[in-house]
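Visitor: Following this message is one structure expressed as structure tokens.
Laboratory data are not the source of any read-out in this text; all were calculated from the coordinates shown. This one's a predicted model, so the numbers in the text were calculated from it and none came from an experiment. Here the Cβ positions follow ideal geometry from the backbone for every residue, glycine too, while neighbour counts run over all protein chains shown.
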Amino acid sequence: MAATSSKKRGAAGAKKQQPRGNPQKARVSRDPAHIAKPTVGDWIGAARLRTLPLAVTPILVGTGAAILVTDVFHWVIALFCLIVSVSLQIGVNYANDYSDGIRGTDDFRVGPARLTASRKVRPRSVLLVALAFFAIAAVAGLAITIRTQQWWLLAVGAVCIIAAWFYTGGKRPYGYYGLGELFVFVFFGLVATLGTTWVQALALPQEAWFGAVGVGLLACAVLLANNLRDIDQDRVAGKKTLTVLIGRTATRWLFTVFVLAAFLIAAFLAFIGYPIAWLTLLALLAGLPAILIVWTYRDPRELVVALGLTSLTSVAYGAFLMWAFIG
């Protein structure tokens with residue numbers, strides 16, 4: 001009996017001496033022998049294809065507003081605007097993979113494993129890919145600047161790249177302090193849409209402004225769905241996203257307001273002379289299920305579906321608004 005009691009006390013003591021911490025983080029292997037090599041699918045996954053429609057939407061709306069003014073489709077400039085937007089989106093996704101990975105933030109994540117956090121790829125390699133896409137965006141932006149002779153756009157492009165990097169990069173990333181949605185609204189809504197219109201028309205009609213706000217709201221909704229999925233893990237990691245700061249219920253309401261407000265803007269445009277804008281309501285076939293998932297999900301992984309549906313809602317919204325402007 002004494003020996004049995006001694007064994008129990010020893011086991012209990014050993015249990016108490018185990019290091020505390022998140023069990024998911026504890027399971028992350030750091031032994032190179034147990035880490036699989038990255039595949040093409042891993043690299044593609046790190047680009048976060050579900051978010052790429054957000055880079056297309058502002059180009060559609062901005063180009064439609066430009067055609068409304070000039071009655072000319074400057075397809076080469078529009079194409080280079082698309083290259084800038086998509087390259088920045090992919091670049092910021094790889095930059096986030098790198099920055100969150102080296103901080104250990106992604107060790108707690110619920111969604112698909114990231115390249116840096118999984119230790120499949122050296123952080124430096126992920127960083128170089130991010131910088132390569134930023135460079136592509138910079139070169140395309142320079143070409144647009146030379147073509148339009150709007151040299152002040154170089155400063156705008158520089159600010160965009162800086163904002164993309166410091167979302168999760170640097171010593172004080174603004175994405176860790178509840179400012180992610182604000183910057184997404186500004187850069188992936190206002191700047192991307194209005195910039196596309198300006199370089200093609202050298203004018204900013206009210207339609208471009210209304211469209212830019214709608215685009216920005218949907219982009220923010222996608223980020224809210226992403227951060228709602230990771231709310232518990234972000235709290236553990238010390239990442240104070242807006243969702244962490246305001247909680248689940250307020251995030252659900254904000255998500256719903258952002259999605260529906262974008263369609264109210266489209267309805268207003270339909271009332272003031274663009275009846276085809278009513279067709280944007282068809283995009284709610286994806287948007288309403290996303291709202292339903294956000295309110296009823298049980299497993300955080302379900303929010304990956306909501307994120308994808310909201311991205312599809314965004315690009316459909318942009319396509320119908322473009323049609324409304326040029327129809």
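Visitor: Assign unit charges at the C-beta atoms only (+1 for Lys and Arg, -1 for Asp and Glu), then state the dipole size of the chain relative to its Cα centre in Debye, rounded to the nearest 20. Write out the running numbers ahead of the final one.
Guide: Numbers: 30 positive and 14 negative charges, 460 e Å.
That gives a dipole near 2220 debye.
Visitor: In the chain, once you exclude exposed trypsin sites (Lys or Arg not before Pro) (DSSP loop, at most 10 other Cβ within 10 angstrom), what's the longest stretch remaining?
Guide: That gives 31-170 as the longest site-free run.
Visitor: Grab every C-alpha pair in segment 38-326, bin the distances at 5 angstrom width from 0 up to the longest one, and report whole percents.
Guide: Pairs per bin, as whole percents: 1, 6, 13, 17, 18, 17, 13, 9, 5, 2, 0.
Visitor: Expressed as an acute angle from 0 to 90° and rounded to the nearest 10, what is the orientation of the C-alpha long axis of helix 2-16 relative to the principal long axis of the chain?
Guide: That works out to roughly 20 degrees.
Visitor: Here is a follow-up. Across the chain, how many lysine pairs, 8 or more apart or on two chains, come within less than 24 Å at their alpha-carbon atoms?
Guide: Within the chain, the lysine pair count is 14.
Visitor: Can you give the Rg and Dmax of segment 100-229 based on its C-alpha atoms, in angstrom?
Guide: 16.8, 48
Visitor: Shifting gears a bit: Which chymotrypsin sites (Phe, Trp or Tyr not before Pro) from segment 124-212 combine a DSSP loop assignment with at most 16 other Cβ atoms within 10 Å? Could you put the intermediate results ahead of the total?
Guide: On the way: sites: 133, 134, 151, 152, 165, 166, 167, 174, 176, 177, 183, 185, 187, 188, 198, 209, 210; in loops: 151, 152, 166, 167.
Sites meeting the loop and neighbour criteria: 151, 152.
Visitor: Okay, next question. Which value at 222 nm does the chain reach when only helices count, each DSSP H run of 4 or more adding -39,500 (n - 2.57), with the total divided by all residues and rounded to the nearest 500 deg cm²/dmol?
Guide: Values: 15 runs with 226 residues, N = 327.
Calculated mean residue ellipticity at 222 nm is -22500 deg cm²/dmol.
Visitor: Excluding residue 297 itself, calculate the net charge of residues whose Cβ lies under 11 Å from the Cβ of residue 297, where each Lys or Arg counts +1 and each Asp or Glu counts -1.
Guide: Around residue 297, the surrounding residues sum to +3.
Visitor: Along the charge dipole of the chain, which of 148, 236, 95 sits closest to the positive end, that is, farthest toward it, with unit charges on the beta carbon of Lys, Arg, Asp and Glu (+1, +1, -1, -1)?
Guide: Positive-most Cα among the choices belongs to 236.
Visitor: What angle do you read, to the nearest 10 degrees and between 0 and 90, between the alpha-carbon axis of helix 75-103 and the longest principal axis of the chain?
Guide: For helix 75-103, the angle is close to 20 degrees.
Visitor: Ok, one more. Could you work out the relative contact order of segment 38-326, using alpha carbon pairs under 8 angstrom and six or more residues apart, expressed as a whole percent?
Guide: Numbers: 466 pairs, mean separation 74.3, N = 289.
Reported relative contact order: 26 percent.
Visitor: Of 232, 42, 299, how do they rank once you tally other Cβ atoms within 10 Å and put the fewest first? Don't skip to the answer; put the middle values down first.
Guide: Working: 232 14, 42 17, 299 9.
Placing the least packed residue first, the sequence is 299, 232, 42.
Visitor: Here's another thing I want to ask about it. Which translational diffusion coefficient, to the nearest whole µm²/s, is obtained for segment 188-241 from the Stokes-Einstein equation, given a Kirkwood hydrodynamic radius over C-alpha pairs, 10 °C and 1.306 mPa s? Write out the running numbers ahead of the final one.
Guide: Values: Rh = 12.7 Å.
The estimated diffusion coefficient comes to 125 µm²/s.
Visitor: Still on this model: In whole angstrom, how far apart do the alpha carbon centroids of segment 57-87 and segment 113-172 sit?
Guide: A separation of 21 Å, based on Cα centres.
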